[in-house]
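The values are calculated or read from the model by the stated rules, or taken from the named source; none is laboratory data. Keep in mind that what you see is a predicted model, and the values were worked out from it rather than measured. Counting neighbours? That spans all protein chains shown, and the Cβs are built from the backbone with ideal geometry, glycine included. The protein model used for the area step is the full one, side chains on, heavy atoms only, and it has no ligands, DNA or RNA in it. Shrake-Rupley method; radii C 1.70, N 1.55, O 1.52, S 1.80 Å.
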Amino acid sequence: IFYEPFDDPFDGRWVVSENDDYKGVWKHSKSEGHDDYGLLVSEKARKYAIVKELNENLNIKSQKVILQYDVRLQNELECGGAYLKFLQQQSTGWKPQEFDNNSPYSIMFGPDKCGNTNKVHFIFKHKNPKSGEYVEHHLKDPPSVPSDKFSHVYTAVLQPDNILQILIDGKEEKKTYFLSEKDFDPPLIPTKMIPDPDDKKPEDWDERAKIPDPEAVKPGDWDEDSPAEIEDDEAVKPEGWLDDEAEEIEDPEASKPEDWDEEEDGEWEAPKVANPKCAEAPGCGKWRRPMKSNPAYKGKWHAPLIENPNYNGIWKPRQIQNPHYFEVAEPNFEPISAVGIEIWTMQDGILFDNILITCDENVADLYRETTWKPKFEVEKAKHKAEKAVAASSDSFTRIRKGLFGLLYKIADIPFLNAYKSKIIEVLKRGEEQPNITVGILFSIFFIILTIVVTTLSGGKEKPPVCLQSKLIYFVGPRHETCFKVLEFPCLYMQANVTQGKMGMAAAQTSNNQRSTKEKESETKKATATAAAPPRRKSTRRDA
């Protein structure tokens with residue numbers, strides 16, 4: 001009967017209210033993460049109103065009608081509405097530009113949340129055939145609004161047998177009966193009897209079930225002036241109580257601000273702080289006995305209560321026939337002439353889409369499966385992936401914290417005392433710069449390995465890792481920075497950090513290292529050998 005996917009701009013098809021109360025700006029916008037367009041609430045803390053008239057009035061009485069739309073609360077919903085109004089035929093001369101909260105509707109349906117309110121409204125207006133007045137009937141115990149940022153589809157199915165079903169994402173969340181007095185407030189069918197509005201309580205009507213005993217007399221020994229508490233005469237001042245010390249003293253470290261003006265600000269006084277002497281003593285200042293309950297206290301005397309011989313009970317007005325009582329076999333819904341959105345909200349990012357009115361549940365199911373569900377599945381998958389990334393990051397943080405905690409404990413091992421301050425310096429640097437964590441761990445590993453090897457060998461053998469540089473280099477994609485890490489006699493580490501990858505290089509061992517003098521000496525020998533004339537081969541004659 002009606003379908004609005006908002007694939008095209010709404011200008012010229014939907015009419016924005018020109019009422020001065022509605023300053024919110026509607027936009028034709030894509031849903032975040034999709035190519036699908038919708039009608040967007042673009043500003044916070046605004047009232048919004050927009051309406052679309054139907055080509056012809058829709059009779060929703062005595063037939064199945066499905067009202068459905070999806071809405072995405074991209075910034076969630078803390079305080080505001082996201083519901084639709086299905087308007088009645090308006091008065092003669094009414095213009096869509098005049099649409100506001102006073103424009104009469106037949107049904108209001110959708111999410112509303114603020115403070116203690118958290119519900120998917122279903123309200124219908126029904127004309128009382130006796131009084132001629134329209135009464136709002138609110139669904140009792142409606143479903144709650146989903147608390148996330150996904151697209152959700154809301155469906156109201158009005159059955160010809162007076163059954164109402166409320167579905168969220170295709171799942172039935174509420175099923176009710178239009179004629180039931182328990183399901184709507186107030187009930188559609190009013191009560192037969194009502195209190196007589198003209199009945200008045202008699203002046204001599206006594207509603208007191210019990211009264212003070214008029215014959216009771218206060219006992220002669222009843223002392224109303226005795227206090228509830230008295231000093232404890234048995235209390236003794238604790239030993240060490242400092243009678244001459246005040247509980248608070250002027251802060252000895254406080255000083256008058258340089259800009260203090262005594263003419264304007266008055267005489268400066270140092271702020272008070274707790275007296276440190278009192279912290280070590282049982283108390284300071286003048287000691288007073290503590291108070292205790294007074295065993296002689298009785299309080300003000302009151303006469304005991306007795307049954308009231310003149311008790312008439314709680315007065316109620318008499319019941320009379322309800323002049324506005326009526327009976328119907330089904331709700332007499334007013335025909336729908338337009339679809340409107342009239343809301344006040346503190347959140348922006350509310351996106352309305354796929355507004356549908358149909359008489360066929362299969363059509364509603366089809367639109368739900370083809371327009372809403374693909375978006376919902378994409379949003380849910382994205383959210384799941386983001387949670388996985390966040391969980392992974394949290395796991396890495398916990399592991400990293402645990403590793404550094406372990407390394408701090410290792411730094412407390414006695415045989416590392418000589419290097420403890422340097423190790424802690426490196427660990428603190430690693431905690432401040434997460435991107436160099438791996439380099440720090442390798443550095444500490446080689447430090448400990450060097451010390452262990454040196455210790456086990458009695459300090460005689462050379463450790464397997466020898467010093468060629470006292471620096472660790474961290475090379476970024478745009479610049480290179482270096483800092484002095486440790487000054488150990490046998491450690492060389494170089495770390496390259498580029499685009500998240502780290503390479504580690506250790507120095508050659510001492511067996512592959514030779515001094516410059518040794519190299520020069522060998523070179524000279526080799527040169528001299530090459531320059532000398534060849535030796536003559538010895539012969540038998542020479543022998």
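Tally up the carbon and sulfur contribution to the accessible surface of segment 159-244 as a whole percent, 1.4 Å probe, everything protein left in place.
47 percent
Rounded, prolate or oblate: pick one for segment 13-97, where a ≥ b ≥ c are the square roots of the eigenvalues of its C-alpha gyration tensor, a/c under 1.5 means rounded, and failing that, prolate if a/b is larger than b/c, else oblate.
Oblate shape, in that a/c is at least 1.5 and b/c is the bigger or equal ratio.
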Work from the charge dipole of segment 240-306 (Cβ charges, +1 for Lys and Arg, -1 for Asp and Glu, about the Cα centre) and give the residue of Pro290, Trp241, Gly266 farthest towards its positive end.
-> Pro290
In the structure displayed, which of Lys23/Lys130; Lys30/Lys61; Lys30/Lys85; Lys23/Lys61; Lys61/Lys171; Lys127/Lys316 lie more than 32 Å apart, Cα to Cα?
-> Lys23/Lys130; Lys30/Lys61; Lys23/Lys61
How big is the accessible area of Glu172 in square angstrom, nearest 10, if you roll a 1.4 angstrom probe over the protein chains?
-> 90 Å²
Straight-distance crosslink candidates among lysines, where the alpha carbon sits under 18 Å from Lys387 and sequence neighbours closer than 8 are dropped | Lys149
Keeping every protein chain in place, order Trp301, Trp372 by accessible area at 1.4 Å, biggest value first, i.e. largest first.
-> Trp301, Trp372
Any aspartates and glutamates with Cα under 18 Å of the Lys113 Cα? List them, leaving off those in the same chain fewer than 8 positions away.
-> Glu43, Asp70, Glu76, Glu78, Asp141, Asp148, Glu173, Glu342, Asp348
Whichever aspartates and glutamates have a C-alpha closer than 12 Å to that of Lys64, once near sequence neighbours (fewer than 8 apart) are set aside | Asp161, Asp360, Glu361
Express in nm, to one decimal, how much length is gained between Ala281 and Val363 on full extension, taking 0.36 nm for each residue of separation and deducting their alpha carbon distance.
-> 21.2 nm
Computed from the beta carbon distance with a Förster radius of 25 Å, FRET efficiency for Ser62 and Val135 to the nearest 0.05 stands at 0.75
Two-site label geometry, Asp148 and Lys192: point separation in nm, points 7 Å out along Cα→Cβ | 5.0 nm
At R0 = 25 Å, FRET efficiency that the Cβ-Cβ distance of Asp11 and Gln159 yields, to 0.05 = 0.10
Theoretical FRET efficiency, 1/(1+(r/R0)^6), r = Cβ-Cβ of Arg288 and Lys256, R0 41 Å, to 0.05 | 0.70
Express in whole angstrom the spacing between the alpha-carbon centres of segment 186-234 and segment 120-182.
-> 44 Å
Relative to the present Cα-Cα distance, how much length would full extension add between Ile211 and Glu245 at 0.36 nm per residue of separation?
-> 6.5 nm
